[in-house]
Structures are given as structure tokens and as C-alpha cells.
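Here's a structure for you.
The values are calculated or read from the model by the stated rules, or taken from the named source; none is laboratory data. Remember, predicted model here, so these are calculated numbers, not experimental data. So basically every Cβ, Gly included, is an ideal-geometry build from the backbone, and we count neighbours across all protein chains shown. Please note that ligands, DNA and RNA were not included when accessible areas were found on the heavy atoms of the full protein model with its side chains. Shrake-Rupley method; radii C 1.70, N 1.55, O 1.52, S 1.80 Å.
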Amino acid sequence: MDAKTILGSALNVSRRDVLQGAAGAAATAGLFRAVEPREAKAFAYSPYPTDDELVTVPTSCAHNCGSRHMLVAHKKGDVIVRLSTDDGRYQGPQGGFGYDTEEMPQLRACLRGRSYRSRLYSAERLLYPMIRVGERGEGKFKRASWDAALDYVAGKMLDLKQKHGPHALLDQSYAGASYGVLHKSDQIEGLLGRFLGMFGCRTSSWSVPSYQATTFSSRMTFGTIEDGNEDDTFAHSKLIIMWGWNPAYTFHGGNTFYYMRLAKQRGCRFVLVDPQYSDSASAYDAWWIPIRPATDAAMMAGMAFHIFTNNLQDQDFINRFTQGMDAGTMPQWAQGGESFKDYILGTRDGQPKTPEWASAICGVPASDIVKLADLYARTKPAALKASWAPGRNSNGEQYNRMAAALQAMTGNIGKLGGCAEGVGKAWHAEGVAYPYDEFANVWYASIKSDRWAHLVLNYPNLKREEIGLWPRSDNLDGVIPNVRGIFWQGSNWFNQLPNINKQIEAMKKLDLVVCNDSTITPSGLYADVLFPVATHFERHDVALPWYKGHYYIHRPKVIQPLGESKTDFQIYTELAHRLGFGERYNPRASREYFHHDDAVDEAYLAAWWEKVQHHQGADISWEEFKARGTYKFKLPRPHVAFQDQIEKGIPFQTPSGKIEILSTQLAQVTDWTRTAWGHPIPAIPKWTEPFESLNHAEKRAEHPFHLITPHPRWRTHSIFNNIPWLRETYEQEVTINAADAKGLGIRTGDTVEVYNARGRMVLPAYVTERVMPGVVVVHEGAWLDLDGDGVDRAGNPDVLTLDEPSPAGGFAYNTILVNLRKTDLNHRPGWDQLATSRAHVFRRST
Ligand SMILES: Nc1nc2c(c(=O)[nH]1)N[C@H]1C(S)=C(S)[C@@H](COP(=O)(O)OP(=O)(O)OC[C@H]3O[C@@H](n4cnc5c(=O)[nH]c(N)nc54)[C@H](O)[C@@H]3O)O[C@H]1N2
Ligand SMILES: Nc1nc2c(c(=O)[nH]1)N[C@H]1C(S)=C(S)[C@@H](COP(=O)(O)OP(=O)(O)OC[C@H]3O[C@@H](n4cnc5c(=O)[nH]c(N)nc54)[C@H](O)[C@@H]3O)O[C@H]1N2
Ligand code: SF4
Ligand SMILES: [Mo]
């Protein structure tokens, strides 16, 4: 072969191209001597197909990630070769290339969404049903036919129901696919709940890891979790306090950061109250107030003290809209009782909650507490965005209720540029496209989700309050469920719930574990049967926004399902047929649905769109929506929660119709063991001691550091952990303050072990001044990778977290004392180095 032929074949160009190139080079040699034909050829080569060679299909990204953006698939044949995102062309009739306005910004994808192709085609994809052949957790499976795998599960279900009764199967479905209307995984509205419920054998789980404490607070205070403003309202704030909130990483809406930037340009001031200095703080040049984790309620009480004692409160707002803020707003039934102001001033308990008192608990100088309180009370409008992470603590509900008290006393509720969040849900979407009728046919007992291991390990010798058993009004009230099997759908909770080692022990006692997922995961590794699930690129659906955003995005079936994967709906429908209730479960489908889902899914979605037209006034047809790809609702004014309550005097949805600083419901509980919470909760917001914190001298002697575990920018919890592109952008590391690191002889890049009585994990250290002394940070969501000694080499902080619920059911993910030491054990950052699903052995043994 001569040089040109080699060049041609190496670059994969046709022989004709090479010949033309050679002729061209010869003809022009005299003119362009400097240009080597070899270089010209290499430059001209284009390795990727251009758009006119591809089919373009707009769709959306997915999962429980804080937002919902567009992805635009470009495919060749049935393979997606490129993903792009919104460029303005999908915004309806007014849109067009480059269209991007303050009223209607594009829905542009983040780094995770743009990497989605490598998740779609990852080596960890599940392509065939699998049945476990090794021990649970060993990772050994053999490929099975759909028939064999479905028969096995159906047989086991009948057996367990017959032997152990109607509680034997635990529904651990969660939000991996909650934000679609048809192929839905969800604790409450999901496909699995309906399936197990109709089968008549289900224990469901309540309590949301994200914000159970916050939900409790929003419900008690406002009577709803829809206390959220739309993203664009941030642009109208004069002061934004990011309290335990890092929107540069953890999105709470699609364009939050954009609107906050507009606020900055208009002169808004920013404050961050957080143990770590975040990228959000640096982006907005925020005043950083480092705070000891799990002590936020104390600092807020100190702020309330300053506001009351300097008469900076909005007394008119308090008088008109609150219950129990002070003596004048106490309801008839509580006259003479302790009001919130009494508590803050210490008139009953003798302890005024002064900034100095607060400072001793939270570690923030009293002068800074005063300065922030002053700034917040005097700047109008001001948004105290009290995010969920500080509520993801022991007694976290008190933090959120205290925040609501501050928001109310400064009159920042129901006003543009203010903020009442809380949960922050801004919109009630038309969320379900299959026949879902509020628990009809759904037989259930309900336990607190992260207490399943405690239940299984201690059954039947436990009290109802240990598992947060939901009260019932029938003769089954108080019956402790005998759980013998788990179904995971849209959840990798084995990897994500607290105290994984306790879950591993409980796993050993189960008779059946079934996991539906698109990839192998740690939950799948501990399952008996793996059902491969088609992703949202491989099925027909409509996407919902997260908590903010008034829009829908159409999700066509962009490509055919990979391997033998099926949708969750197909899997449960076929199982239901085998168990005798297939037609009831999926009334639009025949048994053919397992092989042909298109027409049935289309029918469900078209009927759902009719509801959108009738209930929400969407003004285009289903066909037009499909053609357009998105539908955005035009709001008559920026959406501000409770604006009508404040401006028109409409009652709040609480028992009193007021913002309940004193909760009517809590004040009236007589037996806490018979509530789902199980533990006493004060009726007004109060500072209560967490299980453990930097203030517990005795516990600190052995475990001197407080670990917090925020959400990662580069993953959606555990999803995307196996993506090499994203792995290049980060390390799963423990962030430690420079002075602390010096004391331990640790430098950036050293491998350290982080441990406490519940577990051990290994990961590299990142030494910095951006986290306060005494606090260390590890992001949640790494895929558990245990060695033979039970040490997690991946760095999943849930081997260290505590499964003890805080009184209102919150998850104490940020309340963890730990210690650190340098180690010779190696860190194993991800299974992508170890696993291929094609091998049927998902993990190397240790
Ligand atoms: N230490 C610590 N732990 C935490 C937290 C913390 O702050 N700190 N945060 C907690 C919070 S807030 C949350 S929300 C949880 C999240 O916990 P999980 O919900 O378990 O987290 P994800 O990683 O999102 O897992 C979702 C799973 O659903 C799968 N999935 C996606 N789409 C589909 C589908 O269509 N069908 C099926 N069958 N499966 C699908 C994904 O592949 C993935 O495995 O983690 C909690 N864990
Ligand atoms: N990129 C990305 N975005 C996400 C998710 C994701 O996995 N990845 N998950 C989504 C989900 S399901 C959820 S629930 C939300 C979570 O949203 P958030 O709860 O708001 O997010 P986190 O990242 O856990 O924490 C935010 C900040 O709180 C700080 N913090 C932790 N503990 C304390 C404390 O005790 N006091 C104070 N003052 N600050 C504290 C952390 O340092 C961090 O900077 O994010 C959503 N958005
Ligand atoms: S924020 Fe969520 S929906 Fe948006 S692109 Fe990222 S992962 Fe996808
Ligand atoms: Mo969450």
C-alpha cells in the first residue's frame, strides 16, 4: 500500500475521494506549495454525520433531578448518535432559533442531560431478564427468558401472600420515573402501588427522603406543600438568603440560576447560610455565614429575638394572617397559652433566645445573627429561601417551621420578590395518565420508608412508633406488617436510604427481591430477579416539570427498546395477567400489550391530554402538542404562592385559615404513639437538640467531625454515577477544612477512611478553606462497592447515616458524627472500571 492508500483507509474515506484529492493536489501543487495534501485530507475528514443525514426528535430529559429540560435526539437509523437541547425552536408559535426571553427562557439541559447518550448505551444497561445464581449481593446472575422470570416472580408472590398475608410485599417505588405521566414510579401514584394493591398484598411506604421534615412544616403552617413561587419571581427580590441552598448544584427549577442572575444585575444582595462556601455563593458574591450543621433553628430563633425586641416585625401582617405568633393572635382555645413570641422572649421557660444564646449553639457570632436579622427585616421584598438540606437533619422540622415564622413575621409571604418556601411546589400538574383513583383497589399498610430494615430485623417484637406505622380507622390499625419481599421500581433506595449495613442484614431475611431498572445498580445487585426496563427514549410518555415550571414536554418513543427491555407498565401488566387481574390493571390493553405497546400508550396519553384541555385550559390539540414537542402555560402574572390569600383575604388551607405558627393539629394530639410520627412535636416552632452534633462533647470525643451529605452536580443521586464523561468532571471525595486536615496530616489527594460505629468508607480528600472547621462533606449517591471486610470503597455516605427518624419523620442525612484517618486501602470510584452487564457478573469480587 502506498502512503495515500494508507491515509485513505485509515480515515475511512472512499477510494474516489482519495483519487480526487490526489488529482486536486497535483493540479494545484504549483500554487499552494505550503499545503501538504496529507494535511488537507485530514482536515477535510468529518467523523460525525451532519444533521441533514440524521433524524431529529425533540424529547425531554428525565429523573428526580430538580428540573426538567429538553433533549433533542439526533438519530441515524435506530441509534441516537448525538444529543442537543433547546435552542428556541420548541417554544410554540412565537419561538424560533435563538428565541430566549425573560418571559420564556429556553429549557436548556445541564451536563447530566447532555451526557445521557452514554447512560443509554452504557455497559451497565440491563438488556435481558436475569435471575440470581450466587448469594444476594454477590452480583452473579444468569440470563433468563421473560417467561421464566415472570413465572418465577408470579409464583413467589402467590406463595408469600398465602403464607404471610396481605402485608408481605413491600412497595419501594420512588421518584426515578415520577416525572412522567404514564410510565410512572412513585410511592403514591406509581404503577407498582396499583399492581401490588390490586394483587391484595402490599405494604406501602410513606415519607420522602427529600423533605419529609419540610413537608411536615409546610402542611402544618400553610396547610399545603404548594408554597412555592415560580422561578422568575427571584428576579424581583432585593435580598436572597440561600439558607442551606446551592442552586448551582442542586437545581430546584429549570431556570432558577438565570433569574437569580437577573436579580443580581438589578442590585439584589445575596447571603449564604451553609457550613460550606458553595459555587452559588461565589457566583453571586454572597456573604457567607458558616453554621454548625443541624443547628439552624437556634440561629433563626436568635434572629426572631432581634426582630421582636427591636419591633422590626410587620405587625399588621402578623395580626391579619397568623395564628399564635404572639398573644394577640392566639386562638380562643389557646388563650393564655405560650405563643411563639413568648417562647422567643423566654417569658415562660425563662430562657430568652438571644443572639448570644443562639451563637453558643450554632457557632455564628451573635453580631452576625443581629446583622442578618436586621438586613432581612429591613429589606423589602426579601426571599428567605429555606431549602431542604437543613431539614434533612434530626429535628429538621423545627428549622423549617422556624423559617416560616421568620418569613411571616417580616411579611414576605404572598408578595412578589418574597418567599414562603418550604417545599416550594409551584404548580399542580395533571400528573397521571393511567387509571388512578386515589387508592381504589389499592390495599395497603404504610410504614416509614427508611424503617423497612428495622421492621424486617425486629418483626414482630416492635412498637408501631418504631416503624412510623400510619394510623388506620379499621380493625387493622396497629397490625405490624410481616414483610417478606421487596419490589424496587424507579428507586435505588438500597443505595440511598440511611444505614446501608442494617439494610444488608435485613436483606438476608427476605424471600423475594425484585428490581425493575434500566441499569444494574447496588439495589439490583442484591435482588433475586432483574427486570430490564426501557428508558424514556424507548417508550411513549409526557414529561412533567419538577416543583417549578408550568409546562409539559412530549416524549415520543425515539428508538426501539434496547435488548429485550420492556416498560414497567408492560412488565406489571403481564405479571397481572399471570396473576389473574391483567384486564383490571390495564383496562385499555389486551395480553398483546407485552409485545405491542404503541397504540395503548397513545390512547392513554391522548385521553390524558383531554384532561389537560378541560382542567387546565390547554388550547391546542394532542396532535399539535405532539408536533410542537412542548406546551407552556402563559401565566397572567408571575406565580407567587399565597398571593390571593394576602391580597384577597382567601383563607389558608389550615384548620384556622391562618398561617399557623401555633399548629391547631399538633396542639390537639393526645397520644403521639398513635400518629404516624410516633413522637411528641411542639405545637410552636422551638429549638430542639438533634441526636448528635458538634455540641455533643461526649460523642465528639470519638467522632469529632460532623459529616453533611449534599446532592452532587454530576449525578442525580445515584444515576449517572457510571458515566465516564461526567466522571472526568469530579471526584467522589471528602471535603475537609485545611486546619483540620493539617491536624490529621491529610493533604489533597490522600486516600482517607471516614468511619463511625455504623460503617466505613474510603475516598480521596479535598483540603480547602471552603468548608468550616469541624465539618466534612461527601456527596450522596456513589454506588456502594463493599470489600470483603465490609468497607465501602466507593465512598457512599449512607454506610454512615443513621436510620433513626426525627420526630416528624424527617431523614437525618445531615446529622452524622464521624472520624477520619489516612488509609492504605484503595478508593474504587465506580463500577465502570469493573463491570459490564454483558458479562452477567456485575462486580469483581474483592
Ligand atoms: N446521604 C444521603 N443520602 C440521600 C440523600 C442525602 O441528601 N444524603 N438524599 C435522599 C434523597 S433527597 C433522595 S430523593 C433519594 C433518592 O434515592 P433514589 O430515588 O433511590 O435515587 P436515584 O439514584 O434517583 O434512583 C432512581 C433509580 O430509578 C431508576 N429509574 C429511572 N427511570 C426508571 C424507570 O422508568 N423505571 C424503573 N423501573 N427505574 C427507573 C434509575 O436507574 C435509578 O436506579 O436519595 C436520598 N439519599
Ligand atoms: N444536581 C442535582 N440536583 C438535584 C438533585 C441531585 O441529585 N443532583 N436532587 C434533587 C432532589 S431529589 C432534592 S431532594 C434536592 C435537594 O436539594 P437541597 O436539599 O437544597 O440540596 P443539598 O445539595 O442536599 O444541600 C444544599 C446545601 O445545604 C447545605 N447543608 C447541608 N446541611 C446543612 C445544615 O445542617 N444547615 C445548613 N444551613 N446548610 C446545610 C449543603 O452544604 C448544601 O450546600 O435537589 C434536587 N436537585
Ligand atoms: S437538570 Fe435534570 S432534566 Fe435538566 S438536563 Fe439536567 S438532569 Fe436533565
Ligand atoms: Mo430528594
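If a residue must be more than 16 Å from ligand 4 (Cβ to nearest atom) and not aliphatic (A, V, I, L, M), how many such residues does the range 226-255 contain?
Counting residues in the range 226-255 that are more than 16 Å from ligand 4 (Cβ to nearest atom) and not aliphatic (A, V, I, L, M) gives 14.
Every residue in the range 232-258 that is of a type in the set (Ser, Thr, Tyr) and either part of a loop (DSSP other than H, G, I, E, B) or free of Cβ contacts under 8 Å to residues at least 40 places away in the same chain (or both), please.
If the condition is that a residue be of a type in the set (Ser, Thr, Tyr) and either part of a loop (DSSP other than H, G, I, E, B) or free of Cβ contacts under 8 Å to residues at least 40 places away in the same chain (or both), then 237, 249, 250 are the ones that fit.
Determine if the range 215-223 includes at least one residue that is away from ligand 1 (no atom under 16 Å from the Cβ), among the small types (Gly, Ala, Ser) and open to solvent by 10 Å² or more (accessible area, probe 1.4 Å).
Yes, some residue in the range 215-223 is away from ligand 1 (no atom under 16 Å from the Cβ), among the small types (Gly, Ala, Ser) and open to solvent by 10 Å² or more (accessible area, probe 1.4 Å).
Looking at the range 693-708, can you tell me whether even one residue there is of a type in the set (Asp, Glu), in a loop (DSSP other than H, G, I, E, B) and surrounded by fewer than 16 Cβ atoms within 10 Å (Cβ to Cβ)? Before the answer, list the steps.
Initial filter on the range 693-708 (of a type in the set (Asp, Glu)): 698, 702.
Now restrict to residues that are in a loop (DSSP other than H, G, I, E, B): none.
Scanning the range 693-708 turns up no residue that is of a type in the set (Asp, Glu), in a loop (DSSP other than H, G, I, E, B) and surrounded by fewer than 16 Cβ atoms within 10 Å (Cβ to Cβ).
Within the range 381-406, can you find the residues that are closer than 12 Å to residue 227 by Cα and in a helix (DSSP H, G or I)?
404
How about the range 569-593: which of its residues are over 19 Å from residue 155 (Cα atoms) and either within 30 Å of the chain's Cα centre (by Cα) or of a type in the set (Phe, Trp, Tyr) (or both)?
Scanning the range 569-593 gives 569, 586, 593.
Right, something else. Which members of the range 119-128 meet the condition of being away from ligand 1 (no atom under 14 Å from the Cβ) and not aliphatic (A, V, I, L, M)?
The answer is 121, 128.
Any residue in the range 108-126 that is over 18 Å from residue 543 (Cβ atoms), at pLDDT 95 or above, more than 13 Å from ligand 3 (Cβ to nearest atom) and not hydroxyl-bearing (Ser, Thr, Tyr)?
yes
From the list 119, 82, 89, exactly one residue is away from ligand 2 (no atom under 16 Å from the Cβ) and outside any loop (DSSP other than H, G, I, E, B). Which is it?
82
Applying the selection to the range 260-275, what residues are free of Cβ contacts under 8 Å to residues at least 60 places away in the same chain and either part of a loop (DSSP other than H, G, I, E, B) or within 16 Å of ligand 3 (Cβ to nearest atom) (or both)?
The answer is 260, 266, 267, 268, 274.
To keep it simple, each residue is scored yes or no on (1) in the same structural domain as residue 382 (by TED's automatic domain parsing); (2) closer than 26 Å to residue 340 by Cα; (3) open to solvent by less than 10 Å² (accessible area, probe 1.4 Å).
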{"site": "258", "(1), (2), (3)": "yes, no, no"}
{"site": "269", "(1), (2), (3)": "yes, no, no"}
{"site": "276", "(1), (2), (3)": "yes, no, no"}
{"site": "288", "(1), (2), (3)": "yes, no, no"}
{"site": "292", "(1), (2), (3)": "yes, yes, no"}
{"site": "299", "(1), (2), (3)": "yes, yes, yes"}
{"site": "302", "(1), (2), (3)": "yes, yes, yes"}
{"site": "307", "(1), (2), (3)": "yes, yes, yes"}
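To keep it simple, each residue is scored yes or no on (1) within 23 Å of the chain's Cα centre (by Cα); (2) more than 30 Å from residue 151 (Cα to Cα); (3) not assigned by TED's automatic domain parsing to the domain that holds residue 261.
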| residue | (1), (2), (3) |
| --- | --- |
| 81 | no, yes, yes |
| 85 | yes, yes, yes |
| 90 | no, yes, yes |
| 93 | no, yes, yes |
| 97 | no, yes, yes |
| 112 | yes, yes, yes |
| 116 | yes, yes, yes |
| 119 | yes, no, yes |
| 124 | yes, no, yes |
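Given the structure, is residue 742 surrounded by fewer than 19 Cβ atoms within 10 Å (Cβ to Cβ) and at pLDDT 95 or above?
In short, yes.
Condition check ((1) under 23 Å from the mean Cα position of the chain (by Cα); (2) over 18 Å from residue 411 (Cα atoms)) across all residues:
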| position | (1), (2) |
| --- | --- |
| 199 | no, yes |
| 208 | yes, yes |
| 213 | yes, yes |
| 236 | no, no |
| 246 | yes, yes |
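Can you tell me which residue in the range 591-617 is surrounded by the fewest Cβ atoms within 10 Å (Cβ to Cβ), limited to those that are farther than 25 Å from residue 566 by Cα and free of Cβ contacts under 8 Å to residues at least 60 places away in the same chain? If you could, list the steps in order and put the result at the bottom.
Taking the range 591-617 and keeping what is farther than 25 Å from residue 566 by Cα, we get 610-617.
Subsequent filtering for residues that are free of Cβ contacts under 8 Å to residues at least 60 places away in the same chain retains 610, 613-614, 617.
Values: 610: 13, 613: 16, 614: 10, 617: 8.
Filtering the range 591-617 for residues that are farther than 25 Å from residue 566 by Cα and free of Cβ contacts under 8 Å to residues at least 60 places away in the same chain, the one surrounded by the fewest Cβ atoms within 10 Å (Cβ to Cβ) comes out as 617.
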